[in-house]
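Nothing in this text is a laboratory measurement; each read-out follows from the coordinates by a stated rule. Note that this is a predicted model, so its numbers are computed, not measured. With ideal geometry, Cβ positions are generated from the backbone for all residues, glycine too; neighbour counts draw on all protein chains shown.
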Amino acid sequence: MVAKALAEPLRVQALDVLRRSDRQVCQCELIALFGISQTLVSHHMRKLVDAGLVDVERRHKWAYYTVNADALKELSAWLS
């Protein structure tokens, strides 16, 4: 499921943005960064959440994302 989630380049880019951030990243920031619709951002981020790579916290109408540190360590070990 992880490999399938990372098969889309936009998801890899989004995961990298989250990995580099020292705080939660708002869905609105990803919309602006990638220049795509909220629906498309939600679709791609849902795939990362379902794969266990990303955690999500919903606040009112926006979702805030962080990388799942344990999953990232496991992915890094798997790729090494």
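Go through the stretch 24-73 and report how many residues are in contact (Cβ under 8 Å) with a residue 40 or more places away in the chain and farther than 23 Å from LYS4 by Cα.
1
Given the options SER21, SER42, name the one that is more than 22 Å from LEU75 (Cα to Cα), small (Gly, Ala, Ser) and under 12 Å from the mean Cα position of the chain (by Cα).
SER42
Only one of LEU33, LEU79, LEU15, LEU75 is surrounded by fewer than 14 Cβ atoms within 10 Å (Cβ to Cβ) and touching a helix residue (DSSP H, G or I) at 6+ places or on another chain (Cβ under 8 Å); which? Let's see the steps before the verdict.
Numbers: LEU79 fails: touching a helix residue (DSSP H, G or I) at 6+ places or on another chain (Cβ under 8 Å); LEU15 fails: surrounded by fewer than 14 Cβ atoms within 10 Å (Cβ to Cβ); LEU75 fails: surrounded by fewer than 14 Cβ atoms within 10 Å (Cβ to Cβ).
Checking each option against the conditions leaves just LEU33.
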